[in-house]
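Here the structure comes first, spelled out in structure tokens, and everything after it is commentary.
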Amino acid sequence: MGEGDASFVLGSGPVAVLLIHGLTGTPTELRRVAQGLAKRGHTVYVPTLAGHCGDNSDLQATGWKDWYESARRTFVGIRQRHEKVIVGGLSMGAVMSMHMAAEHPGEVAGLLLYSTTLRYDGWNMPKVAVLTPLLMAIPFGVHLCRFNETSPYGIKDVRLRAIVERQMKAGESSSAGLLTMSGTSVRELHRLVAVVKRGMRSVKTPALVLHSSEDDITSRWNADYVEKHLGGPVTKILLDDCYHMITVDLQYRSVISHSADFIDQLIGKESPEAVQLDEHRQLA
């Protein structure tokens, strides 16, 4: 289950769902979705990635391979308990999910890709963010790519945003993540993205791509890219009235509903709504 005490498991169903949090993030950002999927009959595992839920020195002491290994070890353990495993994640967690499907062909039953982050190009990102791959290529360029999160922090829900801002500024990284992303961590994300892009065509796993049309951190270009380049069938849905953190923002219930329905289709199970409709028809 990754590292640290923030990891958790919910539910007890036969189908497993592995959810991976984002860069500088925390398992807490996936708790609402995990609770919703657990209520739909699934066992949901949310590990803590290496270097996360501490401070920036902890994160900078690790790289993308360390982060991925935390999720991979969890996946291997889950596979020993469950015949079917769905893998998904938020932001960088979505990118890691695709890498896991490429590394374990035939073992991942489906992908849940939330706010996939291949590049930082949302409306609230500094214009220089799209140039980070070029900056990384020059001497000391890594030191020029430090990003401080600013309001709205990927959250349109004003009340929740205030809570998260207070937690981040108080240093409660296990609850709200880090306020600053170092150039070293950005460089590691770029390295991961480069590897994942090379292997996307080989991924035949069915995928659900959920992305906000108002994403402040990563534009819908990221979802479109996945739709065009992933090797398997892709269902892409754009959500309104939310920003980057779709798993906690105003449309988190839609994320749960779309995800649960997608899993039901994969495993050949009727949704609760369909069962109720069938029972109503039989009574009529």
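Only residues that are part of a helix (DSSP H, G or I) and surrounded by 17 or more Cβ atoms within 10 Å (Cβ to Cβ): list them for segment 200-225, please.
200, 222, 223
Check off (1) closer than 20 Å to residue 190 by Cα; (2) at pLDDT 95 or above; (3) not acidic (Asp, Glu) for residue 104 and give me the number that stays unchecked.
(1)
I'm told residue 186 meets every condition in (1) closer than 16 Å to residue 125 by Cβ; (2) at pLDDT 95 or above except one. Can you identify the failing condition by its number?
With (1) closer than 16 Å to residue 125 by Cβ; (2) at pLDDT 95 or above applied to residue 186, the lone miss is (2).
Applying the selection to segment 166-183, what residues are surrounded by fewer than 19 Cβ atoms within 10 Å (Cβ to Cβ), out of contact with any Asp or Glu (no Cβ under 9 Å at 6 or more places or on another chain) and either at pLDDT 90 or above or not basic (Lys, Arg) (or both)?
167, 170, 172, 175
Test each condition in (1) over 19 Å from residue 207 (Cβ atoms); (2) among the hydrophobic types (A, V, I, L, M, F, W, C); (3) free of Cβ contacts under 8 Å to residues at least 40 places away in the same chain; (4) surrounded by 21 or more Cβ atoms within 10 Å (Cβ to Cβ) for residue 59 and report the one that comes out false.
Looking at each condition in turn, residue 59 falls short on (3).
Can you name the helices (runs of 4 or more DSSP H) wholly within segment 1-96 that have at least 3 residues being modelled with pLDDT of 95 or more and either in contact with a Pro (Cβ under 7 Å, 6 or more places away or on another chain) or not aromatic (Phe, Trp, Tyr) (or both)?
31-39, 64-79
Tally up the residues in segment 102-123 that are outside any loop (DSSP other than H, G, I, E, B) and out of contact with any strand residue (DSSP E or B) (no Cβ under 6 Å at 6 or more places or on another chain), please.
2
The values are calculated or read from the model by the stated rules, or taken from the named source; none is laboratory data. What you are looking at is a predicted structure, and each value in this text was computed from that prediction instead of being measured. For neighbour counting, all protein chains shown are included, and Cβ atoms are generated from backbone atoms with ideal geometry for every residue, glycine included.
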